[in-house]
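Chemist: I am attaching a structure below and will ask some questions about it afterwards.
The values are calculated or read from the model by the stated rules, or taken from the named source; none is laboratory data. This is a predicted model, so every value here is computed, not measured. Cβ coordinates were reconstructed from backbone atoms using ideal geometry, including for glycine residues, and neighbour counts include every protein chain displayed.
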Amino acid sequence: MLLTDTNKAGNSRAGQTLTEATCAALFIAAPASGQGKTTVTAALARYFSNQGKKVRVFKTGPDYLDPQILAQASGYPTQQLDLWMAGEQYCRHMLFEAACEADLILIEGAMGLFDGEPSSADLAATFGIPIAIVMDVKGMAQTAAAVALGLATYRDDYQCAGLIANNCSSERHAQLIRDALGVDLALLAALAKEPEVALPERHLGLVQASEVTAELELRFEMGCQWLEQGVARADSGAELLQLPGQVVFKAGKIEAVTAQPLLGKTIAIAKDAAFSFIYQANIELLQKLGAKVSYFSPIKDQKIPVADALWLPGGYPELHTSELAANQSMLASIREFYQQRKPVLAECGGFLYCLSGLTDLQGGYYPLLAIMPGEGAMRGKRGCQGMQTAMLPEGEVRGHAHHRSRSSGTNPPIGYGRRQRHPAPGEAIFREGNLTASYLHLFFPSNPEVIGKLFSGQLAEPDSDFLQRWVAGA
């Protein structure tokens with residue numbers, strides 16, 4: 001069961017608890033990845049923010065990089081929405097809370113509109129949010145209209161607001177698409193190819209916002225002009241740059257967090273260019289459980305702050321291996337913390353950091369923490385991704401895997417992740433003393449009770465057949 005606080009707007013309006021709120025909302029989707037969804041969503045967020053509107057942006061699925069970009073564009077934290085990982089009631093609650101305070105809600109979809117179970121279309125349909133389709137139309141015209149119309153009418157449980165044609169080469173190109181769409185679907189914008197607006201990328205996705213803050217600001221402001229020019233080029237009378245229609249958001253049926261097993265405890269969290277894959281929802285859940293959080297940089301700081309528990313999240317340690325390995329003071333500080341048998345959670349990049357060493361993308365080997373046996377190595381474009389449930393002795397926590405590395409030489413795992421739709425065992429889960437480590441990125445609100453146990457050190461011993469059950473995919 002997902003737990004969170006009761007809604008923040010729940011004490012207003014003549015002493016009555018609000019059960020619904022209305023807000024303008026638009027869902028940005030596409031036929032596939034790489035169509036320009038994040039660029040368009042960020043540009044829309046900045047455009048309406050510049051108009052004095054309060055814009056809240058959400059990202060579909062387990063994504064860390066896009067939300068960093070979208071948060072900077074809108075000026076507010078971007079939360080993840082996923083019907084499987086977080087649950088419908090959690091998503092409903094988050095949208096309701098946003099609707100209580102925002103002028104506009106934007107949601108960026110993941111992959112193609114119908115990809116995944118549940119998909120972006122499922123999320124839009126569940127909450128009645130109109131969809132704008134972003135499509136790269138380079139190399140096609142009437143066919144783009146056919147694909148867009150197919151997406152718009154494939155199901156009858158959602159509304160499609162129109163097409164945003166990206167990489168549209170000319171006014172004639174836009175006219176061909178507009179004419180082919182006819183009266184069945186609006187051409188919301190015909191966006192020219194503009195490399196100066198596109199967002200910078202690397203091997204796991206977009207470059208982290210913190211690395212290119214000033215550059216992003218320039219791209220966001222250019223993106224506003226890009227949208228205005230694209231709407232004018234579409235010449236269809238569509239109102240992409242006017243607030244979309246109001247959507248009614250109902251309050252989610254969420255049980256409040258009342259237990260505080262982490263009260264009085266401080267959790268040290270690695271956060272810098274090497275470790276940044278952190279859900280805002282995870283931080284908020286730790287605080288609701290009573291914890292104080294304290295951030296530190298494994299790259300730059302000399303030691304971890306005084307703390308009762310340690311979280312090493314995922315990120316890009318493979319891009320900073322030499323700096324991490326050279327910071328001997330920090331390595332010694334974490335080793336000492338671990339030897340005190342204080343709780344440590346290490347996810348993906350954090351897990352690699354805990355191993356004896358890591359071979360980076362250039363083939364260089366760097367010794368790291370060595371608080372658990374084994375070594376990590378990057379493997380180029382080959383990787384693993386997907387939704388999984390972490391099967392821990394303390395209980396189940398939902399999350400996902402996304403990595404392009406491998407580990408070897410580790411001790412046997414205590415269990416495995418359970419894949420969302422496949423019987424084979426998922427990512428291995430390790431426990432060395434009070435260290436819990438895996439490639440899995442956990443979504444803490446999916447089971448606050450387990451998270452409280454992990455960070456308070458109330459760890460359970462696996463029973464005699466725990467490993468065998470999950471090897472068998474039970």
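Conditions (1) surrounded by fewer than 23 Cβ atoms within 10 Å (Cβ to Cβ); (2) in contact with a strand residue (DSSP E or B) (Cβ under 6 Å, 6 or more places away or on another chain); (3) assigned by TED's automatic domain parsing to the domain that holds Tyr158; (4) assigned to a loop (DSSP other than H, G, I, E, B), marked per residue:
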site	(1), (2), (3), (4)
Ala24	yes, yes, yes, no
Gly34	yes, no, yes, yes
Thr41	no, yes, yes, no
Lys59	no, yes, yes, no
Asp66	no, yes, yes, no
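Chemist: Then there is this: So the check is Cβ under 9 Å with 6+ separation or different chains; which pairs have a first residue in the range 119-131 that's at positive phi and a second one that's buried (at least 18 other Cβ atoms within 10 Å of the Cβ) and hydrophobic (A, V, I, L, M, F, W, C)?
Modeler: Gly128/Ala25; Gly128/Val247; Gly128/Phe249
Chemist: OK, next. Among the candidates Ala309, Ala326, which residue alone is aliphatic (A, V, I, L, M), assigned by TED's automatic domain parsing to the domain that holds Ile451 and either modelled with pLDDT under 95 or crowded, with 22+ Cβ neighbours inside 10 Å (or both)?
Modeler: So the residue among Ala309, Ala326 that is aliphatic (A, V, I, L, M), assigned by TED's automatic domain parsing to the domain that holds Ile451 and either modelled with pLDDT under 95 or crowded, with 22+ Cβ neighbours inside 10 Å (or both) is Ala309.
Chemist: OK, next. So, in the range 131-150, how many residues would count as being under 18 Å from Lys37 (Cβ atoms) and either crowded, with 22+ Cβ neighbours inside 10 Å or polar (S, T, N, Q) (or both)?
Modeler: So the answer is 8.
Chemist: State yes or no: is Asp179 in a helix (DSSP H, G or I), among the acidic types (Asp, Glu) and within 28 Å of Gln388 (Cα to Cα)? Step through it out loud before you land on a result.
Modeler: Numbers: in a helix (DSSP H, G or I): yes; among the acidic types (Asp, Glu): yes; within 28 Å of Gln388 (Cα to Cα): no.
Against the criterion (in a helix (DSSP H, G or I), among the acidic types (Asp, Glu) and within 28 Å of Gln388 (Cα to Cα)), Asp179 does not qualify.
Chemist: Now a separate question. Considering only the range 107-129, state which residues are small (Gly, Ala, Ser), part of a loop (DSSP other than H, G, I, E, B), out of contact with any Ser or Thr (no Cβ under 6 Å at 6 or more places or on another chain) and within 22 Å of Leu65 (Cα to Cα).
Modeler: Once the filter is applied, which keeps residues that are small (Gly, Ala, Ser), part of a loop (DSSP other than H, G, I, E, B), out of contact with any Ser or Thr (no Cβ under 6 Å at 6 or more places or on another chain) and within 22 Å of Leu65 (Cα to Cα), the range 107-129 yields Gly112, Gly116, Ser119.
Chemist: Is at least one residue of the range 348-370 charged (D, E, K, R) and assigned to a strand (DSSP E or B)?
Modeler: Scanning the range 348-370 turns up no residue that is charged (D, E, K, R) and assigned to a strand (DSSP E or B).
Chemist: Just to be sure, is Pro244 touching a strand residue (DSSP E or B) at 6+ places or on another chain (Cβ under 8 Å), closer than 30 Å to Leu187 by Cβ and in a loop (DSSP other than H, G, I, E, B)? Full working, then the answer.
Modeler: Numbers: touching a strand residue (DSSP E or B) at 6+ places or on another chain (Cβ under 8 Å): yes; closer than 30 Å to Leu187 by Cβ: yes; in a loop (DSSP other than H, G, I, E, B): yes.
Spelling it out, Pro244 is indeed touching a strand residue (DSSP E or B) at 6+ places or on another chain (Cβ under 8 Å), closer than 30 Å to Leu187 by Cβ and in a loop (DSSP other than H, G, I, E, B).
Chemist: Find the residue count for the range 209-259, including only residues that are aliphatic (A, V, I, L, M) and free of Cβ contacts under 8 Å to residues at least 24 places away in the same chain.
Modeler: Step one: list which residues in the range 209-259 are aliphatic (A, V, I, L, M), which gives 209, 212, 214, 216, 218, 222, 227, 231-232, 234, 238, 240-241, 243, 247-248, 251, 254, 256-257, 259.
Imposing the further condition that a residue be free of Cβ contacts under 8 Å to residues at least 24 places away in the same chain reduces the set to 212, 214, 218, 232.
Counting residues in the range 209-259 that are aliphatic (A, V, I, L, M) and free of Cβ contacts under 8 Å to residues at least 24 places away in the same chain gives 4.
Chemist: In addition: Based on this model, can you work out whether Gln302 counts as touching a Ser or Thr at 6+ places or on another chain (Cβ under 6 Å) and not small (Gly, Ala, Ser)?
Modeler: Yes, satisfied.
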